[in-house]
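Nothing in this text is a laboratory measurement; each read-out follows from the coordinates by a stated rule. What you see is a predicted model; the values in this text were computed from it and never measured. Heads up, the Cβs are rebuilt from the backbone with ideal geometry, glycines too, and the neighbour counts pull from every protein chain shown.
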Amino acid sequence: MRAWGRIISGRAPSLSIEITRECPLSCPGCYAYNDEHLGTGVPLREVRDFRGQQLVDGVLALVDEHKPLHLSIVGGDPMVRLFELEELLPKLTARGIHCQIVTSAFRKIPAEWTANPHISVTVSIDGLQPEHDERRKPATYDRILRNIEGCKITVHCTVTRQMLARDGYLEDFMEFWSARPEVEKVWMSLYTPQRGEISSERLTASDRKRVAVELSSLRSRFPKLDMAESLIATYVDPPKSPEECVFAQTTETISADLKTRIKPCQFGGDPDCSQCGCIASAGLHAITKYRLPGGLQVGALYRTSHRIGAARRAMRERKARAAESLVEVSST
Ligand code: SF4
Ligand code: SF4
């Protein structure tokens, strides 16, 4: 209900901040380091970023401006700014914000973070050890296992075409990570290409159908695979455009300079929505298909609320511009 209130008031309930441009990994297919990611011609690695008190104050200022209910802290790898996070997290949770840190776990995750119900840590693990270690060194399996000891984490795997070369690959992945006591949930996204992209990671339409069938079967055997049937089905029929994507419309993404808005969603650039495999987008899109008692579809209610919110936001922005003009006139 709080999220609905945010939508009707014309504010995004979720904020995602790339708190640093730095990452010790160089994963093939990384969207954050795609040259078109920011849409400004400047790649993420060259953007101005902050550290120390400037970063802490800058993030808090953004949060106080946007007042999100949920904050994703991403990068680069946000654990590069561990000391700043130690200062930020208590201040963010004290504001009632749920914080999600998305990391490669290249460095030790403080166990006390994951004991806090307002903080969740999602660790990206892309495939079984031989492939993962090759793609994501220095955040290798050995290192991840050491760095999550004593924590409660969500594993997030992005399924790429290479993982489908052998039958049973995803099942082996689930066997390994489900057995770990640190793992509370496993999420699987599918690789989302940019439009026109030719890459080894990109799945074909038949790959996507095959993964959906496999995930449906795996979820009955591995309760930690936290993915509803309706979400999995969305991977075969994702939102057709950013305008249809509730996730893109309800999440504001800001880059490491703490001002550039990344559009149309966290991928930036020109993502191919028809091949979207983002778990957050699929989850929200699936919810829009539900019918409320009385038969009204959640999606129809969302679109009406979003239109009201957009009108209110436009009015707020007009008033702010008018106030700025008055200040300029009175100071001349
Ligand atoms: S860890 Fe994430 S940000 Fe860093 S290179 Fe890999 S995909 Fe990109
Ligand atoms: S999250 Fe997926 S569907 Fe939504 S705008 Fe991005 S690429 Fe398109």
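Taking the stretch 232-261 on its own, how many of its residues are more than 12 Å from the chain's Cα centre (by Cα) and within 10 Å of ligand 2 (Cβ to nearest atom)?
11
Which condition breaks for Val246 when tested against (1) under 27 Å from Glu46 (Cβ atoms); (2) buried (at least 20 other Cβ atoms within 10 Å of the Cβ)?
Against the list (1) under 27 Å from Glu46 (Cβ atoms); (2) buried (at least 20 other Cβ atoms within 10 Å of the Cβ), Val246 comes up short only on (1).
Looking at the stretch 215-227 only, could you name the residues that are surrounded by fewer than 20 Cβ atoms within 10 Å (Cβ to Cβ) and under 18 Å from the mean Cα position of the chain (by Cα)?
Of everything in the stretch 215-227, just one residue is surrounded by fewer than 20 Cβ atoms within 10 Å (Cβ to Cβ) and under 18 Å from the mean Cα position of the chain (by Cα), namely Asp226.
So is Met163 touching a residue at least 12 places away in the same chain (Cβ under 8 Å) and touching a Leu at 6+ places or on another chain (Cβ under 6 Å) or not?
Criteria not met by Met163.
Please go through the stretch 109-135 and give me each residue that is under 30 Å from Glu171 (Cβ atoms), out of contact with any Gly (no Cβ under 8 Å at 6 or more places or on another chain) and not β-branched (Val, Ile, Thr), ordered by number.
Selection gives Ser120, Ser124, Asp126, Gly127, Leu128, Gln129, Pro130, Glu131, His132, Asp133, Glu134.
Residue under question is Pro130, and the condition is that it be over 16 Å from Ile19 (Cβ atoms), more than 16 Å from ligand 2 (Cβ to nearest atom) and either assigned to a loop (DSSP other than H, G, I, E, B) or of a type in the set (Asp, Glu) (or both); does it hold?
So Pro130 does not fit the description; no.
Looking only at the stretch 149-190, count every residue that is in a loop (DSSP other than H, G, I, E, B) and of a type in the set (A, V, I, L, M, F, W, C) and tell me the total.
Residues in the stretch 149-190 being in a loop (DSSP other than H, G, I, E, B) and of a type in the set (A, V, I, L, M, F, W, C): 3 in total.
Looking only at the stretch 266-282, how many residues end up being away from ligand 1 (no atom under 16 Å from the Cβ) and aliphatic (A, V, I, L, M)?
Residues in the stretch 266-282 being away from ligand 1 (no atom under 16 Å from the Cβ) and aliphatic (A, V, I, L, M): 1 in total.
Any residue at all in the stretch 181-204 that's surrounded by fewer than 14 Cβ atoms within 10 Å (Cβ to Cβ), more than 18 Å from Tyr31 (Cα to Cα) and of a type in the set (D, E, K, R)?
Checking the stretch 181-204: not a single residue is surrounded by fewer than 14 Cβ atoms within 10 Å (Cβ to Cβ), more than 18 Å from Tyr31 (Cα to Cα) and of a type in the set (D, E, K, R).
Among the residues in the stretch 281-290, are any buried (at least 16 other Cβ atoms within 10 Å of the Cβ), hydroxyl-bearing (Ser, Thr, Tyr), within 16 Å of ligand 2 (Cβ to nearest atom) and in a loop (DSSP other than H, G, I, E, B)?
Scanning the stretch 281-290 turns up no residue that is buried (at least 16 other Cβ atoms within 10 Å of the Cβ), hydroxyl-bearing (Ser, Thr, Tyr), within 16 Å of ligand 2 (Cβ to nearest atom) and in a loop (DSSP other than H, G, I, E, B).
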